[in-house]
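The values are calculated or read from the model by the stated rules, or taken from the named source; none is laboratory data. Please read these numbers as outputs of a predicted model, since none were measured by experiment. So basically every Cβ, Gly included, is an ideal-geometry build from the backbone, and we count neighbours across all protein chains shown. Remember, those area values only see protein heavy atoms, side chains included, never the ligands or the DNA or RNA. Shrake-Rupley method; radii C 1.70, N 1.55, O 1.52, S 1.80 Å.
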Amino acid sequence: SSPVVLVDRIAAEQAGRLDLLVNCVWGGDPLTDWEHPLWEQDLETGLRLVRQAVETHVITSRFALPLLVARGTGLVVEVTDGNTARYRGSFFYDLAKSAVIRLAVAQAAELKPHGIAAVAITPGFLRSEAMLENFGVTEANWRDGAAQDPNFAHSETPAYLGRAVVALAADPDIMARSGRALATWDLYPEYGFTDVDGTQPDWSAHWADSLEAQYGPLGEPL
């Protein structure tokens, strides 16, 4: 199967060394129904979302973790959306994103004896290629998208999340964070990383200033 082929290739090319595993397969945006409750949704579509967003992570870890365990060091990162118990607005979306946090918790418990950390991490308003396309802008003129949604002015690039992961992977005390659900906005003050334009987006601060009155607090990190 393809996961086995991929892991075998990594092992061959890197002499068996794998230091960092980032599970971020998603592809669920077209499958998410934001308009209907569970009992009015298409079941197969919802279950497909869960398979894509959760089972893919489990499969990857199943075959890649032996490389980390063999070395006795490393970090597993589960990318999710949100790091609290707050409901995320759609049944299957919420189920998938919450389950990914639990994947980090479970892996942290099993990997602890082997000196390997596992965490979940969320970006804020992610300015992905798909989101740029959705707003009809490019990275060069992305701020024009704020005319459609003022919150877009507080978005962040995927590089911001990547730099957070790099900071975590380089932290000699990463085991102290193992099993936790983290966020870019909590990590940049400690590690000092910036987005590609030198800014330090803080979605939590923006939420508290502009969205909490309408939508309620984000909640406490898990």
Discussion item. Anything in the stretch 191-200 that is closer than 25 Å to residue 140 by Cα, out of contact with any Pro (no Cβ under 9 Å at 6 or more places or on another chain) and not polar (S, T, N, Q)? List them, or say none.
Written reply: 192, 193, 196, 197, 198
Fill in: Number of positions in the stretch 3-36 that are more than 17 Å from residue 53 (Cα to Cα), open to solvent by less than 90 Å² (accessible area, probe 1.4 Å) and under 23 Å from the mean Cα position of the chain (by Cα)
5
Worksheet item: Out of the stretch 148-163, which residues are open to solvent by 30 Å² or more (accessible area, probe 1.4 Å) and in contact with a helix residue (DSSP H, G or I) (Cβ under 9 Å, 6 or more places away or on another chain)?
Response: 148, 149, 150, 151, 153, 154, 158, 163
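Here's the yes/no breakdown for (1) surrounded by 23 or more Cβ atoms within 10 Å (Cβ to Cβ); (2) not in a helix (DSSP H, G or I):
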| residue | (1), (2) |
| --- | --- |
| 99 | no, no |
| 103 | no, no |
| 110 | no, no |
| 121 | yes, yes |
| 132 | no, no |
| 138 | no, yes |
| 143 | no, no |
| 146 | no, no |
Discussion item. One residue is enough: does the stretch 48-63 have a residue meeting the conditions open to solvent by 70 Å² or more (accessible area, probe 1.4 Å) and more than 25 Å from residue 104 (Cα to Cα)?
Written reply: no
Worksheet entry | Hits in the stretch 155-166 (condition: acidic (Asp, Glu) and touching a residue at least 60 places away in the same chain (Cβ under 8 Å)) | none
Worksheet item: Among the residues of the stretch 77-92, is there at least one that is farther than 17 Å from residue 28 by Cα and part of a helix (DSSP H, G or I)?
Response: no
Worksheet entry | Where residue 147 falls short, out of the listed (1) farther than 22 Å from residue 25 by Cα; (2) in contact with a Gly (Cβ under 8 Å, 6 or more places away or on another chain); (3) without any contact (Cβ under 8 Å) to a residue 40 or more places away in the chain | (2)
Discussion item. I'm trying to understand the selection: among the residues of the stretch 186-200, which are among the hydrophobic types (A, V, I, L, M, F, W, C) and under 15 Å from residue 127 (Cα atoms)?
Written reply: 196
Worksheet entry | Count - residues of the stretch 94-115 that are charged (D, E, K, R), free of Cβ contacts under 8 Å to residues at least 24 places away in the same chain and closer than 23 Å to residue 52 by Cβ | 2
Practice prompt. Residue by residue through the stretch 167-208, note down the ones that are in contact (Cβ under 8 Å) with a residue 24 or more places away in the chain, open to solvent by 60 Å² or more (accessible area, probe 1.4 Å) and in a helix (DSSP H, G or I).
Written response: 175, 186, 191
Item to complete: Quickly run through the stretch 8-31 and pick out the residues that are assigned to a helix (DSSP H, G or I) and of a type in the set (Gly, Ala, Ser).
Response: 11, 12
Discussion item. Restricting to the stretch 74-97, and then to whatever is within 26 Å of residue 46 (Cβ to Cβ) and β-branched (Val, Ile, Thr), can you tell me which residue is most open to solvent (accessible area, probe 1.4 Å)?
Written reply: 79
